[in-house]
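The values are calculated or read from the model by the stated rules, or taken from the named source; none is laboratory data. Because the structure is predicted, anything quoted here is derived from the model rather than measured. Methodologically, a virtual Cβ is constructed for each residue, glycine included, from the backbone with ideal geometry; neighbour enumeration extends over all protein chains shown.
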Amino acid sequence: MILNRKYLLGLQNLDKKELQIVLDSVRPFKSLFTRSVKKAPTLLGKTVVTLFYEPSTRTRTSFEIAAKRLSADVVNITVAASSVVKGESLIDTGKTLQAMNADYIIIRHSLSGAPDILARSLDASIINAGDGFHEHPTQGLLDLYTIYEKKKSFENLNVLLVGDILHSRVAKSNIWALTKMGAKVSVAGPPTLIPPKIETLGVEVYYDLDEAIKKADVVNILRIQLERQKENLFPSVHEYVELYQLTKARLAKAKKDILIMHPGPMNRGIEISSDAADSVNSVINEQVTNGIAVRMAVLFLLKPKAGKNEL
Ligand code: CP
């Protein structure tokens, strides 16, 4: 099975069958990780470029490892040390990479829609590695896979997303994917960090985390974007910690087998306590490992320069 797609711009446009194809494709790539030679020749002769306009540890590194494990040639562009600082436009940067025969361009950008702009302008296969407040599709897929690996099915599974839903591209990708797969998705956080009318996406809203956590099978804690606190979206970090930090005390009210997830980077002591982050229920490090296998699957499943134009 392969996705009849050239781009991965978001999970909003993927249907349940396509999401299942991704889930079913991950395990063979993950099984490579325990072999002495962790490589497959799948992308031999292909060039993968990572183009990150925002900082990243997990996403950029795991795309690089994933592409190298598939035998691709990998080039990482550090935007701060590129001609972008001389004023080169996004499209001109993309066309320059295309002129060097990039087969895949993996882009992170602070502007929602930047990957879409590249996809409309270039022949290369474009993968969104996080754009503004819009989507972070490979994070959504690795979260989906981690839940699937542990819980085996999404039917009647209660997944709770906690924190800054408003600014979180991870939350958006999780909501699109999980609701399509049949999970029951809830969000919890301060009213100012919950997007208006989010219920129309099939999501239940809670403002009381102690209430919300009682029925959760999975809790995915989102990073509080401290850089946005100057917008005064909640009264103080201290109050946020009191009401919304995931702690061992709160987990005592949850199901014994609840999965604790966090996309990273974590603000320990703010949205999550260390004893919760490091507890036996935490799969935060497994999310990172799965991120490599999921990104290998995505690179394998997309059809550079050949898929239907799905824009
Ligand atoms: N989860 C995530 O996107 O992490 P990075 O910012 O480190 O890539």
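Observations on the model:
- Beta carbons closer than 6 Å, at least 6 apart along the sequence or on distinct chains, pair a first residue in the stretch 42-61 that is touching a residue at least 12 places away in the same chain (Cβ under 8 Å) with a second that is in a loop (DSSP other than H, G, I, E, B) and within 16 Å of the ligand (Cβ to nearest atom) for Glu54/Ser110; Arg58/Gly264.
Residue-by-condition table, conditions (1) buried (at least 21 other Cβ atoms within 10 Å of the Cβ); (2) β-branched (Val, Ile, Thr); (3) closer than 22 Å to Ile284 by Cα:
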| residue | (1), (2), (3) |
| --- | --- |
| Arg5 | no, no, no |
| Leu8 | yes, no, no |
| Lys16 | no, no, no |
| Val22 | yes, yes, yes |
| Phe29 | yes, no, yes |
| Ala66 | yes, no, yes |
| Val79 | no, yes, no |
| Ser89 | no, no, no |
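- Cross-chain or 6+ apart pairs with Cβ under 9 Å, the stretch 101-119 first and within 16 Å of the ligand (Cβ to nearest atom), then polar (S, T, N, Q) and part of a helix (DSSP H, G or I): Ile106/Thr59; Ile106/Thr138; Arg108/Thr59
- Within the stretch 264-276, being within 16 Å of the ligand (Cβ to nearest atom) and either free of Cβ contacts under 8 Å to residues at least 24 places away in the same chain or over 22 Å from the mean Cα position of the chain (by Cα) (or both) holds for one residue alone: Arg268.
- Selection from the stretch 51-76 of residues that are more than 14 Å from the ligand (Cβ to nearest atom), in contact with a helix residue (DSSP H, G or I) (Cβ under 8 Å, 6 or more places away or on another chain) and among the small types (Gly, Ala, Ser): Ala67, Ala72
- Selection count where residues are within 14 Å of the ligand (Cβ to nearest atom) and crowded, with 18+ Cβ neighbours inside 10 Å, scope the stretch 289-308: 5
- Scope the stretch 224-263; condition closer than 28 Å to Asn156 by Cβ, part of a loop (DSSP other than H, G, I, E, B) and either of a type in the set (Phe, Trp, Tyr) or within 16 Å of the ligand (Cβ to nearest atom) (or both); matching residues: His262, Pro263
- Residues located in the stretch 52-78, provided they are in contact with a Leu (Cβ under 7 Å, 6 or more places away or on another chain) and hydrophobic (A, V, I, L, M, F, W, C): Ala66, Ala67, Leu70, Ala72, Ile77
- Among residues of the stretch 203-223 being more than 20 Å from the chain's Cα centre (by Cα) and part of a loop (DSSP other than H, G, I, E, B), the one that is surrounded by the fewest Cβ atoms within 10 Å (Cβ to Cβ) is Asp208.
- Failed condition for Asp275, given (1) more than 21 Å from Leu157 (Cβ to Cβ); (2) part of a loop (DSSP other than H, G, I, E, B); (3) at pLDDT 95 or above; (4) not β-branched (Val, Ile, Thr): (2)
- Beta carbons closer than 6 Å, at least 6 apart along the sequence or on distinct chains, pair a first residue in the stretch 169-194 that is within 18 Å of Gly132 (Cα to Cα) with a second that is among the charged types (D, E, K, R) and in a loop (DSSP other than H, G, I, E, B) for Leu193/Asp164.
- Count of the stretch 152-168 residues, restricted to those that are closer than 24 Å to Asn128 by Cβ, hydrophobic (A, V, I, L, M, F, W, C) and outside any strand (DSSP E or B), is 3.
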